Amino acid sequence: MLDYRLKTFLLLSKTLNYTKTAQQLHMSQPAVSQHIRYLEQTYNIKLFEYYNRRLRLTEMGQRFYQQVLALEVQSQDIIERLRQEQENRRLLRFDCTFTFGEYIMPPLICRWMKENPNTELCMRILGTAACLEALDQGEIDFALVEGFFDKAVYESRLVKMTHMGLVVPVGHPLTQKKEVMLNDLIAYPLVVRQKESRMRGILPTGLAEHNLSYESFAGMVQCGSMNVMKTLIKNGCGIGFLHEDIIHADLVEGTLVEIPVIDFVLKRELNMVYLPHHQDPGLLDQIFQDLSEHLRQLGTN
């Protein structure tokens, strides 16, 4: 377990408010200040400073925070693993973004549970930022993400490069063209995720590089789920760009058609992300190997 003064430091680093920290720890504000002064004197560094009347971590304080947070995660991990050994079971905790959680992981999870019946598995589907926050807090062993993360802060392994393919309904006029260019698409309505979706960021950025936007298209349909997007496209409501893992089964079944766009390619990394100095690198190795083999069998890797 971490020293109680380090726990005070971690909480103050999040709240950046002495009063809120004192309230959450059920102690006085002077006691919080005393904990911070003790740490600053012990480690001979300045942890906090005021800028425009607001409390913030100093540069050394930020480095200290990362180190202490890593210690806290390791401490929690040790306690959890000892408990698992006593109960003769294994807890596997990870978060993932939508493409992983809905389309890649379910069959692999079924295999894991059959091969390891004593395993208790917890998977949540979250946005990239929420996955990384859970990782920082030691709530999960690793994260599977398709969004941006700082490779200077986290360790990672590239699971695959994925592309977003243009899909149209069977019999669409674009299927009759020998070559399709991006400008050929603007004559049709575009089906996209709603504005709140982080998935939307890839497509607008790619369009902007060609001096286009959603408004360039004949119309636009926004919806809240990938399955709804696929249904709308299948029924002729428009065309859309979807990740290859999401449309793989539909392409095999012949219910959607993917059209290569000669001058427009959207690619993105799918990564396994974890904290440096992970307590069980063997576990990460096994999961990465299983995931890679699973994708090879699916034919999408």
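The values are calculated or read from the model by the stated rules, or taken from the named source; none is laboratory data. Keep in mind that this is a model prediction, so the values were computed, not measured. So basically every Cβ, Gly included, is an ideal-geometry build from the backbone, and we count neighbours across all protein chains shown. Surface accessibility is based on the protein's heavy atoms, side chains included, excluding ligands, DNA and RNA. Shrake-Rupley method; radii C 1.70, N 1.55, O 1.52, S 1.80 Å.
Just a few scattered comments:
- For E244, the requirement of being charged (D, E, K, R), surrounded by 12 or more Cβ atoms within 10 Å (Cβ to Cβ) and under 24 Å from G206 (Cβ atoms) is met.
- Complete set of residues in the stretch 40-59 that are free of Cβ contacts under 8 Å to residues at least 24 places away in the same chain, open to solvent by less than 100 Å² (accessible area, probe 1.4 Å) and closer than 17 Å to R5 by Cα: E40, T42, I45
- Residues considered: E293, E258, E269. Of these, the only one that is more than 23 Å from G165 (Cβ to Cβ) and either part of a helix (DSSP H, G or I) or open to solvent by 40 Å² or more (accessible area, probe 1.4 Å) (or both) is E293.
- Meets criteria (open to solvent by less than 20 Å² (accessible area, probe 1.4 Å), under 25 Å from D263 (Cβ atoms), hydrophobic (A, V, I, L, M, F, W, C) and part of a strand (DSSP E or B)) for L190: yes
- Residue within the stretch 207-221 that is open to solvent by less than 10 Å² (accessible area, probe 1.4 Å), more than 15 Å from the chain's Cα centre (by Cα) and not polar (S, T, N, Q) present: yes
- All conditions but one from (1) open to solvent by less than 30 Å² (accessible area, probe 1.4 Å); (2) under 22 Å from G147 (Cβ atoms); (3) not polar (S, T, N, Q) apply to P204; the one that does not is (1).
- Look at (1) of a type outside the set (V, I, T); (2) touching a residue at least 40 places away in the same chain (Cβ under 8 Å); (3) open to solvent by less than 20 Å² (accessible area, probe 1.4 Å) and you find that L16 fails only one, number (3).
- Filtered by the rule that a residue be surrounded by fewer than 18 Cβ atoms within 10 Å (Cβ to Cβ) and basic (K, R), the stretch 222-241 gives a lone residue, K234.
- Condition met for M164 (over 22 Å from E146 (Cβ atoms), touching a Phe, Trp or Tyr at 6+ places or on another chain (Cβ under 7 Å) and not in a helix (DSSP H, G or I)): no
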